[in-house]
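Below is one structure, written out as structure tokens, with a few remarks after it.
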Amino acid sequence: MMSDLQIALIAVFIVISAMLGFIFAGIFLTKYQYFEMDFRKGILLKRIKLLRIDLDWKVGKVYEFSKEFGVVKVMNEKEIFIRANLGGERDDYFKFQKNYGPLLLGRIFQSDQELWLEIRMAYPTLVMGLYISSVSSGLFFTGPGFSFIFLGLLVFCSLLGVYFCFIRGWVIRDIIRICRKFCVGLR
């Protein structure tokens, strides 16, 4: 049985970590929305070679594709960043996936006169997912005699399974759907 002091310390830890998590998420979403974060960083999901891009490569120009919920910004002469819009209703058959916009990062760049599309998942998304899943699982599995080490392994393995089996496919599909508007050579 836990004492009142232990319960109070756990409650304080959860409140402080939740506040830090919300601050972290707010900073990440703000940088994501205004293209201030580095889209070259993140977990590389797929790299695709492109034939041609039908966009004006004017630095700073922003293109919005409202139906596909994507925004494209020309960062410099050799690099374009792609992101999803935050919020909004999608026309997908899975209604629970309507707000995973911060997962979508894309980058088109020129390398040796070839065009490449990189599809990435941001590291902060993984951290936010870890926090949410660990708190929800921790509240569910905190019965007497339950091992926290086992809980940590369970949460980590289940999170990896969800991210790389389900969400990976949605991210790749949506970035490709955005890029079909202006790229030649995408299937």
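The values are calculated or read from the model by the stated rules, or taken from the named source; none is laboratory data. As the structure is a prediction and not an experimental result, all values here were calculated from the model. Using ideal geometry, Cβ is built from the backbone for each residue, glycine included, and neighbour counts are taken over all protein chains shown.
Considering only residues in the stretch 65-85 that are outside any strand (DSSP E or B) and surrounded by 14 or more Cβ atoms within 10 Å (Cβ to Cβ), the one that is modelled with the highest pLDDT turns out to be ASN85.
Does the stretch 90-111 hold any residues that are modelled with pLDDT under 85 and more than 18 Å from LEU29 (Cα to Cα), and which are they? Across the stretch 90-111, the qualifying residues are ARG90, ASP91, ASP92, TYR93, PHE94, LYS95, PHE96.
Is it fair to say GLY21 is touching a helix residue (DSSP H, G or I) at 6+ places or on another chain (Cβ under 7 Å), surrounded by 19 or more Cβ atoms within 10 Å (Cβ to Cβ) and at pLDDT 70 or above? So GLY21 fails the test. Just to be sure, is LYS46 touching a helix residue (DSSP H, G or I) at 6+ places or on another chain (Cβ under 9 Å), at pLDDT 85 or above and at negative phi? Yes; evaluated as a whole, the condition is true for this residue. Does the stretch 30-46 include one or more residues that are closer than 16 Å to LYS73 by Cβ, in contact (Cβ under 8 Å) with a residue 60 or more places away in the chain, among the hydroxyl-bearing types (Ser, Thr, Tyr) and surrounded by 13 or more Cβ atoms within 10 Å (Cβ to Cβ)? Yes: the stretch 30-46 contains one or more residues that are closer than 16 Å to LYS73 by Cβ, in contact (Cβ under 8 Å) with a residue 60 or more places away in the chain, among the hydroxyl-bearing types (Ser, Thr, Tyr) and surrounded by 13 or more Cβ atoms within 10 Å (Cβ to Cβ).
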